[in-house]
Amino acid sequence: QSALTQPASVSGSPGQSITISCTGSSSDIGSHNLVSWYQHHPDKPPRLLVYEVSKRTSGVSNRFSGSKSGNTASLTISGLQAGDESDYYCCSYTGTFRVFGGGTKLTVL
Amino acid sequence: QLQLQESGPGLVKPSETLSLTCSVSGGPFTSRTFYWGWIRQPPGKGLEWIGTIYYGGSSYYNPSLKGRVTISVDTSKSQFSLKLASVTAADTAVYYCAGRIDPPKDFDFWGQGTRVTVSP
């Protein structure tokens, strides 16, 4: 099974909004609502931001929001801040299988 | 606060078996709703799922690892382990252990990661 497809990089200025897409297939993203998003700073462990497509983990700012349409999930970050600069990964997971996206590097200009 | 910590050799020779252990502290280890897993990140690449083990011992692995993976649990020690056989340079990566403690969330607790290099 191939990795989910994410843009390699996105960028935005402080205060702006950006959206990171995550495209899979009818076998993964398109078949269930088990999609999570992780933020991964270098030399730190990944941090769960969103699970079940759109539910935020406690402590995660409401500037982060997840959604899904068909075979594509999306993570939108509004009101960009310098501290949001990081790598972001989507993940489609079921009880027996999971696959990560290739990762997107967010640069805050 | 639950804490996870990976341990194991940082250098493994090609064709040998990579063995890592994840020790869990600061909270419960066994519950019907918990699951534990291993994820890795090769240098310059993205995250790759290795496998997941559930309460009761059922486990599932990334098919791309072609039967080289075994994940097991030792509840008496609050640990779970990874064995990856017949390693090659392509298995060089930072290996993370992770746990899902609070359903219906996904992996909500992670170890700091341990770097494993496969080299003669």
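The values are calculated or read from the model by the stated rules, or taken from the named source; none is laboratory data. Just so we're clear, the structure is a prediction, and the values are computed from it rather than from any experiment. Here Cβ is always computed from backbone atoms with ideal geometry, including for glycine, and neighbour counts include all displayed protein chains. Keep in mind that these areas ignore ligands, DNA and RNA; they rest on the heavy atoms of the full protein, side chains included. Shrake-Rupley method; radii C 1.70, N 1.55, O 1.52, S 1.80 Å.
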The alpha-carbon center of segment A:15-36 and that of segment B:68-120 are separated, in whole Å, by 25 Å
For the protein assembly as shown, using Cα atoms only, the Rg and Dmax in Å read 17.2, 51
Whole-number value, in Å³ per residue, for the convex hull of the alpha carbons of segment B:1-76 is 130 Å³
Taking every residue of B:45-54, the Cβ atoms of other protein chains inside 10 Å of its Cβ average out to 5
Pseudo-spin-label distance B:SER7 to A:SER78, built 7 Å along Cα→Cβ, given in nm, is 4.7 nm
Scanning chain A, every Cys lacking a C-beta partner under 4.7 angstrom -> A:CYS91
Share of accessible surface on carbon and sulfur in chain B, whole %, 1.4 Å probe and ligands ignored, is 49 percent
Expected vector for segment B:19-27, Karplus 3J(HN,Hα) from phi with 6.51, -1.76, 1.60 and θ = phi - 60°, integer Hz, x for Gly and Pro, equals 10, 10, 10, 10, 9, 10, 9, x, x
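Of B:LYS13/B:LYS83; B:LYS13/B:LYS77; A:LYS105/B:LYS45, which ones are farther than 21 Å apart at the Cα?
Distance filter (> 21 Å) returns B:LYS13/B:LYS77.
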Share (percent) of C-alpha pair distances in chain A greater than 23 Å works out to 20 percent
Rounded to the nearest 10 Å², the 1.4 Å probe accessible area of A:LYS44 is 110 Å²
For segment A:11-66, listing trypsin sites (Lys or Arg not before Pro) in a DSSP loop whose Cβ sees at most 15 other Cβ atoms within 10 Å gives A:ARG63
Spelling it out for B:ARG115: with amide H atoms placed in the peptide plane at 1.01 Å from N, the residues 5 or more places away or on another chain with amide H under 5 Å from its amide H are B:TYR95
Among residues of segment A:17-56, a drop of 40 Å² or more in 1.4 Å probe accessible area, assembly relative to the chain on its own, occurs for A:TYR38, A:HIS40, A:PRO45, A:PRO46, A:LEU48, A:TYR51
Per residue, accessible area of chain A with a 1.4 Å probe, heavy atoms of protein chains only, in Å², comes to 43 Å²
